[in-house]
Each structure stands twice: as structure tokens, then as C-alpha cells.
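What follows is one structure encoded as C-alpha cells, with my remarks underneath.
Where a number appears in this text, it was derived from the coordinates with a stated rule and is not lab data. In this text the structure is predicted, and so the values were computed from the model without any measurement. Ideal geometry is used to build each Cβ from the backbone, glycine not excepted, and the neighbour counts take in all protein chains shown.
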Amino acid sequence: MRDMLVHDRLELPAGRLESLEEELLAVVSRYFELDKETTRFDLQQYDRRAALIANFRLLRSKC
Amino acid sequence: MSGRVIVITSGKGGVGKTTASANIGVALANTGASVALVDMDIGLRNLDILMGLENRVVYNLVDVVEERCKLRQALVKDKRNPNLSLLPAAQTRDKTAVNAEQMKKLCLELKNTFDFVVIDCPAGIESGFQNAIAGAEEAIVIVTPEMSAVRDADRIIGLLEARKDEIEQYRLVINRIRPAMVKNADMMSVEDVLEILSIKLLGVVPEDEEIIISTNKGEPVSGTDNTRSGLAFRNIARRLRGEDVPLMDLDVQSETWLNRIVKFFTPVRV
């Protein structure tokens with residue numbers, strides 16, 4: 001339910017967040033080899049504000 | 001001396017705004033404050049019924065705003081408490097009959113006469129809601145512990161947040177909670193709701209059949225001593241006046257062994 005409300009408050013249509021996450025993954029991947037299995041995106045609620053937390057496990061940098 | 005203008009809102013219909021308005025109004029008046037109850041559900045008025053004053057309505061809020069009568073002519077004094085007056089809604093108009101400017105002017109006039117102006121807001125987020133909150137400085141958000149009500153309350157809170165300069169404080173009343181269902185995990189708990197909505201709690205009111213009876217009689221429960229919901233509303237009124245009143249113990253009474261034996265031997269009627 002919390003998740004639904006965070007989506008409501010941010011006016012996120014279905015699929016939009018997934019698009020963002022894919023793009024973020026693509027951008028970070030240009031700079032680093034990533035452990036894709038452990039990449040995490042979390043939409044968390046702090047009071048009534050949302051925070052998008054992205055966690056990338058970095059293996060090595062790409063030059 | 002200026003009164004406090006409080007709007008009672010929810011978003012979702014049927015969660016208890018009008019019931020809360022009537023009961024909080026009565027409870028506040030019984031503490032000695034002067035209270036004006038304002039029915040802003042233009043076209044679908046109900047506050048007069050809950051107060052048992054439907055036969056006393058001569059003029060209404062739209063008459064006042066359109067200057068067909070003076071404010072004091074439209075205010076209906078409560079039968080039981082002279083501190084309490086009702087400004088009824090019109091039944092034959094709709095929510096476009098009043099605008100925000102008119103509402104602000106009306107609230108100004110009311111707060112110069114009364115300690116508390118309690119505004120019953122209609123359901124929704126359109127002009128009815130916008131006009132009802134126009135003159136308010138405080139809001140009470142009514143929610144029941146279920147997903148659709150919580151979702152709508154969340155939207156309303158978002159709209160109230162956007163008006164932080166006018167509406168200085170908004171707090172939550174969780175209405176119609178059923179402790180037994182919460183215990184069984186069949187209903188959201190107070191903590192569940194607070195965690196999601198993240199605003200200050202003003203009070204919790206248990207589900208109570210007495211509310212239905214009181215509505216039909218036109219006698220709000222907070223005016224008499226013998227109901228749990230009445231006590232909850234009286235506590236809310238005390239907190240509004242600044243008193244620190246702990247939440248009622250809503251725990252389910254545990255069954256005593258004697259109750260269980262009696263139940264076992266009582267024939268079930270079918």
C-alpha cells in the first residue's frame with residue numbers, strides 16, 4: 001500500500017519508474033562493470049516524501 | 001478575540017466527516033466554548049439531521065452569502081446547548097453556489113463571534129472541497145482503516161500540504177476502527193495507518209452501533225456519557241483545546257472462562 005501511495009504522490013504512470021531504472025543502469029554501465037544481479041532500486045518513504053535509492057555493485061571501472 | 005476555524009475533511013465519502021463535525025462540535029460546546037457548525041455540503045445537507053435541527057432551518061449559508069438574510073438569522077441554536085449554533089447548507093442548490101472569496105468572508109465574520117468554527121467539508125477534491133477549506137486555518141482529516149479511505153486521505157493531505165501558509169495544522173482522526181478485526185489482522189491498525197499517512201494523530205474512534213441510533217434521533221453521542229464513540233469524540237475535543245489526553249484503551253475484552261461456559265450452554269437460535 002505504501003508503494004502504491006508513493007506512486008500516487010509522484011504521479012508515476014505504470015512503467016515509468018522501470019524506464020528510469022533501465023536508463024540509470026545503462027548510464028552507470030558506461031563507467032563501470034556492474035554486478036547486474038545485485039543492482040537494487042528502492043522507492044522509500046521518508047515522512048511524506050519519497051526517495052529513490054539506487055545501489056550498484058561496482059566490479060571495475062571501464063576506461 | 002478570534003476563534004479557530006477548523007475544517008473536517010476526508011476525500012472519501014461516508015467515512016464520518018459529518019458525524020465527526022456534529023460530535024466534535026457538541027463536545028467542544030460542552031466544555032464551555034461557543035461553537036458554530038457550518039454545513040458546506042451544499043445540495044446534500046445532513047448536518048442538520050445529525051443535530052436534530054432539520055425542522056428549525058429557515059435560512060441557510062447560501063442565503064447569507066447572497067445577502068438575502070443576516071448571518072444571525074440563518075444560525076440555528078442547538079436545542080440542548082445554547083453555546084452551539086448551526087449554519088445549514090442549502091438543499092436545493094449545488095457546490096457552485098458559493099465561491100472561495102465568499103467563504104473567506106463568512107469565516108471571518110464567524111470567527112469574530114465564536115470560539116470555534118467547525119466546517120463540515122463535502123467529499124471529493126473539486127470546488128466543494130476547495131471552497132470548504134478556503135477560510136480554514138486548521139484541518140482534521142477523517143480516515144477509516146482501509147485502503148481506499150487511506151488513499152483518498154493521502155491525496156487530501158497532499159492538497160492541504162500545498163496550502164501550508166493558510167492551513168497551519170492538520171491532524172488525523174481514525175474512525176470506525178474495530179479492535180477485534182485489527183487483532184485478527186483483518187483490518188489496518190492505528191500504527192499501519194499512521195505509518196502510511198505520516199501526519200499527527202488527533203484521535204481514534206471505535207466502530208459503534210450507537211452512532212446509527214444517534215443519527216436517527218438527532219442526538220450526537222458525545223453529548224451523553226454512555227458510549228465509547230462519544231468518549232472518543234470528547235477526548236478529541238479536549239485535545240483540540242490543548243489538553244494531553246491519552247488514547248482510549250481499545251483492546252478487545254478477553255473472554256473470561258465463565259463467558260465461554262455460558263456461550264457453550266446457550267442454544268444457538270437459527
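Within region B:161-186, the set of residues being surrounded by fewer than 22 Cβ atoms within 10 Å (Cβ to Cβ) and within 13 Å of another protein chain (Cβ to nearest Cβ) comprises B:E161, B:A162, B:K164.
For region B:94-114, state whether one or more residues are closer than 16 Å to B:D48 by Cα and either touching a residue at least 24 places away in the same chain (Cβ under 8 Å) or crowded, with 17+ Cβ neighbours inside 10 Å (or both). No, there is no match, as no residue in region B:94-114 is closer than 16 Å to B:D48 by Cα and either touching a residue at least 24 places away in the same chain (Cβ under 8 Å) or crowded, with 17+ Cβ neighbours inside 10 Å (or both).
For region B:190-200, the criterion of a residue being of a type in the set (A, V, I, L, M, F, W, C) and away from every other protein chain (no Cβ under 14 Å) is satisfied by at least one position.
Every residue, every condition in (1) closer than 21 Å to B:K105 by Cα; (2) surrounded by 22 or more Cβ atoms within 10 Å (Cβ to Cβ), yes or no:
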position	(1), (2)
B:G11	no, yes
B:T31	no, no
B:D39	yes, yes
B:V57	no, no
B:A89	yes, yes
B:T92	no, no
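Testing B:S85 on (1) among the hydroxyl-bearing types (S, T, Y); (2) farther than 24 Å from B:S214 by Cβ; (3) crowded, with 21+ Cβ neighbours inside 10 Å, one condition comes back false. Which one is that? Answer for B:S85: the failing condition is (2). Determine whether B:D120 is farther than 18 Å from B:G25 by Cα and in contact with a helix residue (DSSP H, G or I) (Cβ under 9 Å, 6 or more places away or on another chain). It is false that B:D120 is farther than 18 Å from B:G25 by Cα and in contact with a helix residue (DSSP H, G or I) (Cβ under 9 Å, 6 or more places away or on another chain).
Within region B:3-55, the set of residues being over 25 Å from B:E161 (Cα atoms) and out of contact with any helix residue (DSSP H, G or I) (no Cβ under 8 Å at 6 or more places or on another chain) comprises B:A29, B:G32, B:A33, B:S34, B:G43, B:L44, B:R45, B:L53, B:N55. Every listed requirement among (1) closer than 16 Å to B:G16 by Cβ; (2) part of a helix (DSSP H, G or I); (3) away from chain A (no Cβ under 14 Å) is met by B:D208 save one, (2).
Where in chain A are there strands (runs of 3 or more DSSP E), lying wholly inside it, with at least 1 residues that are of a type outside the set (A, V, I, L, M) and either in contact with a Leu (Cβ under 7 Å, 6 or more places away or on another chain) or within 14 Å of chain B (Cβ to nearest Cβ) (or both)?
On the way: elements: A:32-34, A:40-46, A:49-55, A:58-61.
By residue number, A:32-34, A:40-46, A:49-55.
Taking (1) basic (K, R); (2) more than 14 Å from every other protein chain (Cβ to nearest Cβ); (3) under 26 Å from B:V182 (Cβ atoms) in turn, B:K104 satisfies each apart from (3).
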